[in-house]
1. When the dipole is taken about the Cα centre of region 144-195, and only Lys, Arg (+1) and Asp, Glu (-1) are charged at their Cβ, what size is it in debye, to the nearest 20?
2. Which aspartates and glutamates have a Cα less than 17 Å from the Cα of residue 24, not counting those fewer than 8 places away in the same chain?
3. In nanometres, what is the gap between the two model label sites at residue 31 and residue 181, each 7 Å from Cα along Cα-to-Cβ?
4. Report, in cubic angstrom per residue, the convex hull volume of the C-alpha atoms of the chain.
5. Compute from the Cα atoms of region 123-173 the Rg and the Dmax, the latter being the longest Cα-Cα distance, and quote both in angstrom.
6. Residue 81 to residue 263: extension gain in nm, 0.36 nm per residue of separation minus the Cα-Cα distance?
7. Points 7 angstrom from Cα along the Cβ direction at residue 115 and residue 293: gap in nanometres?
8. Using 7 Å Cα-to-Cβ label points, what is the residue 169/residue 38 separation (nm, one decimal)?
Amino acid sequence: MRTSMRVFSLVLVIICTAAASAQKLSPKWEELTASDFVQAIHQSQGVCVLPFGILEKHGPHLPIGTDLLDVRYAVMNAVQQEYAVVFPEYYFGQIFEAQQEPGTVAYSLTTQLTLLHETVKEMARNGCKKVVIVNGHGGNNSLLPLFAQAQLATPRDYVVFVFGLPNERVTGRPAMKSDPKNDMHAGETETSAMLVARPDLVHMDRARSESGADQHRLNLPENVYTGIWWYARFPDHYSGVGSAATKELGQFDQKEWSRQIAEAIKAIKADSESLRLQNEFFEKSQHPLDTKQ
């Protein structure tokens, strides 16, 4: 009886140790050892997250890397709820509209698409068969859906998912002090989020030194698009009222953003149809005349 109890206790210790070890795995790609990386991929069920930021001016009071810092903060909190491997800092997105401002890094469109393609391909080669690109920058709102759609151009054994900017219209959100319609860049919402993610980098004393008001310098119909629209409206690359920011709003938004990301990761882990349908599509696309009409 005593021998059986000892064996049982030993097995229990081994199980608990293994479980504790699994929990201690860092979600950050760059922090994992090679052997731990293999374990992390298994633990994440092949789901890897690519937080996508940018380097651009954020009003007179926020850091150039605001979008990158914010999205990584939200993602790192999300993977504490639903484990996934997180790719290192990535900021090679679309930001041509801010080239007149200091600190902006704007890569050519071909470089953006090529680098993103190569990055995702390398992630997949390392076991990330479900790559979740989490967007943290409004300037990528057209780039990322285009990239995701382009995945159907050639066969591949992985699926790319894009998680766009978070839904902020949720119950219980603290009321904003400024006009939400004009709160698009470095304003109340973004400044509040940074007061939580990196308060040490927020210069609230500078928030009023520039205006984030719409300059209305174009008079075109709503269904007419031109690339210069942002500069025409916000030449200082600032939209909103950063001085209205509060930590309360930032805490709510960051928590909700992380929850939404974690929920998406969980659903993507459970998804088995995307890859199956993608493979079916690739097979049929090789024989279009055989597709039943």
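1. For this selection, approximately 120 debye.
2. 36, 82
3. Once both label points are built, they end up 4.4 nm from each other.
4. Dividing the Cα hull volume of the chain by its residues yields 211 Å³.
5. 13.7, 44
6. Extra length from residue 81 to residue 263 when fully extended: 64.6 nm.
7. With each label point 7 Å from Cα toward Cβ, the separation is 4.5 nm.
8. With each label point 7 Å from Cα toward Cβ, the separation is 4.9 nm.
The values are calculated or read from the model by the stated rules, or taken from the named source; none is laboratory data. Just so we're clear, the structure is a prediction, and the values are computed from it rather than from any experiment. As a convention, Cβ positions derive from the backbone with ideal geometry for all residues, glycine included, and neighbour counts pool all protein chains shown. The area values use the complete protein model at the heavy-atom level, side chains included, leaving out ligands, DNA and RNA. Shrake-Rupley method; radii C 1.70, N 1.55, O 1.52, S 1.80 Å.
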